[in-house]
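**Q** My questions will all concern the structure given below.
The values are calculated or read from the model by the stated rules, or taken from the named source; none is laboratory data. Predicted, not measured: the structure shown is a model, and the values here were computed from it. All Cβ positions, even for glycine, are placed from backbone atoms using ideal geometry, and neighbour counts span all protein chains on display. Note: areas computed on protein heavy atoms with side chains; ligands, DNA, RNA excluded. Shrake-Rupley method; radii C 1.70, N 1.55, O 1.52, S 1.80 Å.
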Amino acid sequence: KGKAGPNAEFITRSAAMRKLQITLKDFRRLCILKGVYPRVPTKPLKGVDKIYYDVKDISYIANEPLLEKFREFKAFMKKIRRAAGRNQFTEARRVNELKPRMVLDHLVKERYPRFIDAVRDLDDCLCMIHLFAALPSAGRITAERTSACAKLSREWQYFVSKSHSLRKVFVSVKGIYYQAEVMGETINWLVPHAFTQHIPPAVDFRVMVTFMEFYEIFFKFVLYKLYAKEGWQYPPQVDEKLDLAGCCLLAMKSDNSSTAATVSTKESKKVAAAAADSSAKKAQVTAVDAKEFAGQVKSLPEFLKQQQDEEDDDEEEDDLDISAPLTAAFSDLQRHATEDDDNDREVFQRSEAAQQDQRANLFNKLTFFVNREVPLSIMQLCITAFGGRVSWDGPGAPYASDDRSITHHVVDRPVQNQATAAGSVAREYIQPQWVFDSINAGVLLPVRLYAPGAKLPPHLSPFVDDEKEGYLPRFREEVQKLQIEAGVLDGSAVTTTTEKAASSKASKSTNSKTTANVAGKKRAIDVDEDESSEEEEEEEDSESEEEEEDSEEDDEEEVDSEAEELLEVPTSSKQSSKQNNSSNNSSSSSKKAAAKPEAQPATTTSNKKGPKAIVQQAKVAKQSEAEELHELSVSMMSKKTKKLYDKMQYGIQQKQEGVKRLEDKRRAVEKAADASTTPKQQTKKQRRA
Amino acid sequence: MLHVDDLSSDDEDGTRRNTVGRVPLHWYDAFDHVGYDISGEKMMKRKGKDSIDMALQEKDNPNASRLVYDMYNDREVVLSERQLEIIRRIQAGAFAHAEFNDTPDYIDYVSGEKEIMPLSMVPERKAAFQPSKWEMKKVLQIAKAIEEGRYVFGGKTAQKLKEREEKAQQSGIYLIWKDEDDEGELESRRQRYHLPAPKMPLPGHAESYNPPDEYLLTPEEEAKYDAMDPSERPYNFKPKKHTCLRHVAAYSNLVKERFERCLDLYLCPRKLKQRLNIDPEALVPKLPQPRELKPFPNSLVLQFAGHEGAVTCLDVSPDGQYMVSGGEDGTLRLWEVDTGLCRESWSLKEFGKITSAVWNPDAMTPVVAVTAGNTLVLVTPGTGDLEASETAETFLSAILETAEAVTAGAGAKDERGAKTGADKAEQSDDSDADASDADDDHDGRQGGAKQQRRDMKVSWHRSAATPASSSSVRANAKDKYVRGPRVHFSLDASIAQVSWHHKGDYLVVLSPLAQGGRAISVHQVSKAKSQFPFAKSPGRVQAVRFHPFLPCLLVVTQQQVKLYHLVEQKLVKTLLSGCKWLSSVDIHPSGDHLIVGSYDRRVVWFDLDLGATPYKTLKFHEKAVRGVSFHKRYPLFASASDDGSVHVFHGMVYNDLTKNPLLVPLKVLRGHGTEGELGVLTLAFHPKQPWLFTAGADGLINLYQDI
């Protein structure tokens, strides 16, 4: 008794607090710092209204050195309070200086024993850091904290842009969502729009700050490791002049410590040495700065240019170092691939890798100029992460607005007198959305859609799985066409998806249903596995699944085409179902008619019709039969499964309704647009007349 | 020094003074004096001065400005210079007397001079006038520390702070994760059982700063959105279209949402949920293809039209050549199955609407039992050959004789006798709980001495009804046998149903509205005997059947099915259907299974070996189930419902007791219309072929065959 089962596994919160002998406030803080959360017990033995924790979690807290610190802090507060109560302020001040300090380093390793775990759990941390960087420092939010957060966020962005790991950008009403891929994990984070944030009174900042306490330290270690993996120095050097001038990412620089890449054990030492070096260099630089201070303003752009060039060189070197042989191999392979198309899997993989490379260098040959009304930090991150060059209007800009090399000019103003500004210079004027949409599409989209003052095409979320959603916005279709043309997207896959969508939209024909049935059976019961279990297996599974699906799709297509060939009647399934109904009705009525006077078998009615019609009718009959069979088998389900089935059907129906609503709305909008354009044209015509 | 003005009146000049004290002077208004002087004499009021006097006085008297009238003593007083000064000071808020000193010099009463005598006689400590040893030690310590360079100015606190700073400098950022860690397994249980929090959902198209138009809210939708509870809204923001990036404003709920996420992270109980990712179609049971289970009736082949109004009952002759049907129009019709011809039509309108018509299961005696209104009629349809007609005639001979007797005139007396007999039987049977009767001959048991019979005599009458329309084709030897209704008897209440015993001698008649045990009556045709097997009604009876081979009677009450053993006179089994109101029943030819239809849309399959609960409850009809039926040869059963459809099932029963019956839906037969609330009212399988007859409220009879 008491050794196994829910009683030994779970402990209520009050019992836990009694065991740890701490207050609720301290317990909550510890929970946040240690990453302990309540669990749903297998059996709520102490009642359903209680909060249960895992016993192991609580015993971990009980052995936590922080707990001792908390007690120390309690004693410290007693001292302070006593001194203050006796008006011994000097004493209070003296004691206050000995305030116990918490060290949270050990928690990082304890909560995330593997680095990959840490990377996986980065989302919330990043969101919080970016939010705090944007918050005003007041009350519990100290200025040090906000500036530290700003620094961390910038270091992260620097890493993302320099490692080219940014994948998607989405500007929403809440802020800007970014998605990066680090170590094969997708990381999403939200950066608030650069305005003063409204702080509602209901928000308890004690909780948020406790989270931040951990996140700050945790993120520092993560960044250190990430930088170390790339062989960069951490923290990156920040050029203060440039920083003050407002160039966010370009003010940073971190040297490649060329030797620090491979051996991990030596890594830390080396990096420390590098840091020492860098500090020495910094001192030198400041000395030099003092000398050059007078001629600074003029020399700044040049200096920047140099830096930029250096950086570019670095990057190029990087490419050369790491991927030169690889790329050579790839190009060779690609040539092979183009030569013999029927090469299978390997080629596919290669092309995929190449594609990714291509995506990462989307803006490689482009030079941007960002107008001053466009948020610079966003554009810098997005453009540099995809290999482009950026300049802006303001101090510290690498090149001026009338530079000849500029290919794209990002403008967010209604319409300006472009004729004078850009008449002589050959460049594209675009709105910032072009950058985001191009990144998400992986293709440079046509610029004319995004001309300044033009009505922008909708900015679509790159995170939506179209197939799952069931609804494809019109603009997405256009983008997909472009992607197929550019070879970014596999054409066949898209066509199948659209076909699928069309078929699912168009009808509830039994044919599709039966195929779905088959697919469902093959998939069988696919239970969400715990993510922390081996991913490799999952990946393999998914691959194999994909293959299976592909083959299935192929089969379907074949079958369909065959059927169509047989029938030679290209009718939509809606029509066919209608025909089905009508023919059914007619046949039944004919039966009646035939039956009343004399007994006559009903099947002879269709004799007069042609062979095509017979085939058609047979197909229709088959369909209706299958439909009826399905209905019958549904009626044979047990009560429980029927309930589940009905629920699922309800869900599917809701989804379909949602999709239908969207489609209807779109149709209405398009109609309205047409209606508004046609009278204009008419009036124009009239005027002409 | 306090200055005392001589303000007191005592030592004033010797003028007369009023001695009344401080009393309100209006007390003296009525008198001509204002009080008394010290000697007790009245102080007279002087004559009041008028304004002229006053003016004159002001002119004449140089002291007029400082003249004050003393009402009390009734005199005029001239204020002195000093008195005026006091008044002025008081008005200014100062001390009244100019001489008053509010800050007098301090007088040191206890002197500061050193006294000679000490207060305490304790001598001074030695330590007070010797240098401190401890201090010397401390100084030496510090001196040594300074010499050695380890002294920190600022004391212990500063030292601690210094130590801490050193520590902080040492612990900076370092490489926590080694590369080899990543390959290793998670060592602790805590990490293995860690449930990572689900990630925040990623934004959809609607959250875009420039969403597609179809995602924007129309005014109606917006009103609906505003009316909704915040927790029910599809998004926690309103989709809004911004024409360009610079129009996008800050999102006011951002901090709140992040805070809520924080709360979720540390307060929300977590659980690993096995989410089923099933294709819904995978749940649908895989049934064998109907075409593998052929033959079964699947298409409408023939319709028998002729009845006016609903057809309530039909039955197929045991040889399968003929079919009789009765309807609400009161006609009984005989049809030829092969051709659909209406052979005969007898009108039983005089008795009422026809409720049931059943062929005698013995093929050699073509007799049809028909119930109409309160009456049971036996009809000889005249099918079959000459021999069959003869056997039918002999079968009915006993009844015909009694009917003969009744018509001869002794009927009234007999009837009376029968009635009294019946009453007696009832009186004597009240003590019996439930009982039944079986014919001794039937089972070969002769131990019926203990059994009390509830015999009764019903008055059989010869029917005079003539065929409404009769084909005159058959003018042969058979004509000597009368075709049509032959004999009938009536009960007190209307009869709902009649059913034959499988041997064809007994009839069970159900009149559900009859009093007490008279609802169910059993009649032996060959001996013209009748009895009420039940003393008490077993509840509202819906249907009655004989067991196919056991001496048992199946009684369907409103919610239960009861199986009575007729010989042992006891209740064998009660089956709980779980339905609210049962309608119909049929027994499988094997006798071990039965299906029951109910008005609440269910069809229930009972396995009699399994217990009181159903083997399977099927709910596929959309309206009340009116009739259910098993096929006698093929593994088929069917149900008819008010929704106008008939469902045909494959119902395979295995001899192996461990194997459950296999039920497969085969076909939904539609072809009947609905009249009001009624659809298909009854159905019957062909005894030899896999054909199904159904009759509906639309007045049609359909024949479905397997094609």
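**Q** So B:Val324 clears everything in (1) assigned to a loop (DSSP other than H, G, I, E, B); (2) away from chain A (no Cβ under 14 Å); (3) under 22 Å from B:Gly382 (Cβ atoms) except one condition, right? Which one?
**A** (1)
**Q** If you check A:Val171 against the conditions, is it in contact (Cβ under 8 Å) with a residue 60 or more places away in the chain and more than 8 Å from chain B (Cβ to nearest Cβ)?
**A** Answer is no for this residue.
**Q** Something else about it: Can you say whether A:Lys640 is modelled with pLDDT of 85 or more, more than 9 Å from every other protein chain (Cβ to nearest Cβ) and part of a helix (DSSP H, G or I), as far as the supplied structure shows?
**A** So A:Lys640 passes the test.
**Q** Related question: Filter the stretch B:538-572 for residues that are assigned to a loop (DSSP other than H, G, I, E, B) and in contact with a Cys (Cβ under 8 Å, 6 or more places away or on another chain); which is surrounded by the fewest Cβ atoms within 10 Å (Cβ to Cβ)?
**A** The extreme case among them is B:Gln559.
**Q** Among the residues of the stretch A:153-164, are any without any contact (Cβ under 8 Å) to a residue 40 or more places away in the chain and either assigned to a helix (DSSP H, G or I) or open to solvent by 20 Å² or more (accessible area, probe 1.4 Å) (or both)?
**A** yes
**Q** Being modelled with pLDDT of 85 or more, basic (Lys, Arg), over 30 Å from B:Val603 (Cα atoms) and open to solvent by 90 Å² or more (accessible area, probe 1.4 Å): is that true of A:Lys655 here?
**A** Judged against the criteria, A:Lys655 is a match.
**Q** What number of residues within the stretch B:300-338 are open to solvent by 20 Å² or more (accessible area, probe 1.4 Å) and within 42 Å of the chain's Cα centre (by Cα)?
**A** Total satisfying the criteria: 3.
**Q** Starting from residues that are within 27 Å of A:Ile652 (Cβ to Cβ) and free of Cβ contacts under 8 Å to residues at least 24 places away in the same chain, keep the ones in the stretch A:450-468 and report whichever is surrounded by the most Cβ atoms within 10 Å (Cβ to Cβ).
**A** Filtering the stretch A:450-468 for residues that are within 27 Å of A:Ile652 (Cβ to Cβ) and free of Cβ contacts under 8 Å to residues at least 24 places away in the same chain, the one surrounded by the most Cβ atoms within 10 Å (Cβ to Cβ) comes out as A:Leu460.
**Q** Looking at the structure I just gave you, is B:Glu232 more than 9 Å from chain A (Cβ to nearest Cβ) and more than 26 Å from A:His193 (Cβ to Cβ)?
**A** So B:Glu232 passes the test.
**Q** Would you please name the residue that is least open to solvent (accessible area, probe 1.4 Å), looking only at residues in the stretch B:42-72 that are assigned to a loop (DSSP other than H, G, I, E, B) and more than 22 Å from B:His26 (Cβ to Cβ)?
**A** B:Asn61
**Q** Another question, if that's okay. Counting only residues that are open to solvent by less than 40 Å² (accessible area, probe 1.4 Å) and part of a helix (DSSP H, G or I), which one in the stretch B:288-298 is nearest to the other protein chains (Cβ to nearest Cβ)?
**A** B:Pro290
**Q** Moving on. Out of A:Val169, A:Val191, A:Val182, A:Val207, report the one residue that is among the hydrophobic types (A, V, I, L, M, F, W, C) and over 27 Å from A:Leu104 (Cα atoms).
**A** None of the other options fit; the residue is A:Val169.
**Q** Here's something else I'd like to know. Of the residues B:Lys580, B:Lys659, which is away from chain A (no Cβ under 14 Å), modelled with pLDDT of 90 or more and either assigned to a loop (DSSP other than H, G, I, E, B) or in contact with a strand residue (DSSP E or B) (Cβ under 8 Å, 6 or more places away or on another chain) (or both)?
**A** Selected residue: B:Lys580, the only one of B:Lys580, B:Lys659 that is away from chain A (no Cβ under 14 Å), modelled with pLDDT of 90 or more and either assigned to a loop (DSSP other than H, G, I, E, B) or in contact with a strand residue (DSSP E or B) (Cβ under 8 Å, 6 or more places away or on another chain) (or both).
**Q** Filter the stretch B:122-145 down to the residues that are among the aliphatic types (A, V, I, L, M) and open to solvent by 90 Å² or more (accessible area, probe 1.4 Å) and list them by number.
**A** Selection gives B:Val122, B:Met136, B:Val139, B:Leu140.
**Q** Also, I was wondering about something else. So, in the stretch B:634-664, exactly how many residues are of a type in the set (Phe, Trp, Tyr), touching a residue at least 24 places away in the same chain (Cβ under 8 Å) and open to solvent by 10 Å² or more (accessible area, probe 1.4 Å)?
**A** 1
Residues checked against (1) of a type in the set (S, T, N, Q); (2) over 30 Å from A:Trp232 (Cβ atoms); (3) at pLDDT 80 or above:
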| residue | (1), (2), (3) |
| --- | --- |
| B:Phe129 | no, yes, yes |
| B:Val152 | no, yes, no |
| B:Glu165 | no, no, no |
| B:Gln169 | yes, no, no |
| B:Asp182 | no, no, no |
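**Q** Filter the stretch B:605-619 down to residues that are within 14 Å of chain A (Cβ to nearest Cβ) and open to solvent by less than 30 Å² (accessible area, probe 1.4 Å) and give me whichever is nearest to A:Ser638 (Cα to Cα).
**A** Checked the stretch B:605-619; the qualifying residue nearest to A:Ser638 (Cα to Cα) is B:Leu618.
**Q** Follow-up question, since we're still on this one. What do you reckon, is B:His247 open to solvent by less than 70 Å² (accessible area, probe 1.4 Å), out of contact with any helix residue (DSSP H, G or I) (no Cβ under 7 Å at 6 or more places or on another chain), under 24 Å from B:Leu202 (Cβ atoms) and of a type outside the set (Phe, Trp, Tyr)?
**A** It is false that B:His247 is open to solvent by less than 70 Å² (accessible area, probe 1.4 Å), out of contact with any helix residue (DSSP H, G or I) (no Cβ under 7 Å at 6 or more places or on another chain), under 24 Å from B:Leu202 (Cβ atoms) and of a type outside the set (Phe, Trp, Tyr).
To keep it simple, each residue is scored yes or no on (1) open to solvent by less than 80 Å² (accessible area, probe 1.4 Å); (2) more than 7 Å from every other protein chain (Cβ to nearest Cβ); (3) among the acidic types (Asp, Glu).
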| residue | (1), (2), (3) |
| --- | --- |
| B:Pro219 | no, yes, no |
| B:Phe237 | yes, no, no |
| B:Glu257 | yes, yes, yes |
| B:Cys262 | yes, no, no |
| B:Lys271 | no, no, no |
| B:Asp279 | yes, no, yes |
| B:Lys286 | no, yes, no |
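**Q** Would you mind finding the one in A:Arg28, A:Arg18, A:Arg39 that is within 12 Å of chain B (Cβ to nearest Cβ), at pLDDT 90 or above and open to solvent by 80 Å² or more (accessible area, probe 1.4 Å)?
**A** The unique qualifying residue is A:Arg28.
**Q** While we're looking at this one, here's another question. Quick one: which residue in B:Thr355, B:Thr371 is of a type in the set (Val, Ile, Thr), under 51 Å from the mean Cα position of the chain (by Cα), open to solvent by less than 10 Å² (accessible area, probe 1.4 Å) and at pLDDT 90 or above?
**A** Only one candidate passes the filter, namely B:Thr371.
This table checks each residue for (1) at pLDDT 90 or above; (2) part of a helix (DSSP H, G or I); (3) within 14 Å of chain B (Cβ to nearest Cβ); (4) surrounded by 15 or more Cβ atoms within 10 Å (Cβ to Cβ).
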| site | (1), (2), (3), (4) |
| --- | --- |
| A:Asp49 | yes, no, yes, no |
| A:Tyr53 | yes, no, yes, yes |
| A:Ile58 | yes, yes, yes, yes |
| A:Lys74 | yes, yes, no, no |
| A:Arg82 | yes, yes, no, no |
| A:Asn87 | yes, no, no, no |
| A:Arg94 | no, yes, yes, yes |
| A:Val103 | no, no, yes, no |
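**Q** Still on this model: Residues being part of a loop (DSSP other than H, G, I, E, B), within 21 Å of B:Lys199 (Cβ to Cβ) and more than 7 Å from chain B (Cβ to nearest Cβ): count how many of those fall in the stretch A:110-141.
**A** 1
**Q** So, of the residues in the stretch A:180-192 that are touching a residue at least 60 places away in the same chain (Cβ under 8 Å) and either facing chain B (nearest Cβ under 7 Å) or open to solvent by less than 20 Å² (accessible area, probe 1.4 Å) (or both), which turns out to be nearest to B:His247 (Cα to Cα)?
**A** A:Pro192
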